[in-house]
């Protein structure tokens, strides 16, 4: 086995902010579920209406978690995820 030489390894670069920010993903996902809910109200009243409603609720929960983590990071909390 070859020995690894840690001094020759380059540090891993940070990912760009646009690749690590979850807010646009959650907003787009919530918007898609909202459009699905509107369409499904017009064409059916089955389980998919409730599924799309649950998607919207989970999207808002996700936005709340993102806001909570960012406010904890601004406060300097040790357990906060920093992006």
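Quick note: the coordinates plus some simple rules give every number you see, no bench work behind them. Since this is a predicted model, take the numbers as computed values, not measurements.
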Highest GNM mean-square fluctuation among 42, 73, 31, for the chain with Cα springs under 10 Å, belongs to 42
Determine the shape class of the chain: with a ≥ b ≥ c the square roots of the Cα gyration tensor eigenvalues, call it rounded for a/c under 1.5, and otherwise prolate if a/b is greater than b/c, oblate otherwise.
prolate
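When only C-alpha pairs under 8 Å and at least 6 residues apart count, what is the relative contact order of the chain, in percent?
Working: 40 pairs, mean separation 24.3, N = 83.
Averaging sequence separation for qualifying contacts and normalising by length gives 29 percent for the chain.
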Let a ≥ b ≥ c be the square roots of the eigenvalues of the Cα gyration tensor of region 6-49; is it rounded (a/c under 1.5), or, if not, prolate (a/b larger than b/c) or oblate?
prolate
Among 62, 46, 29, determine the one that fluctuates most according to a GNM of the chain built with springs between C-alpha atoms less than 10 Å apart.
46
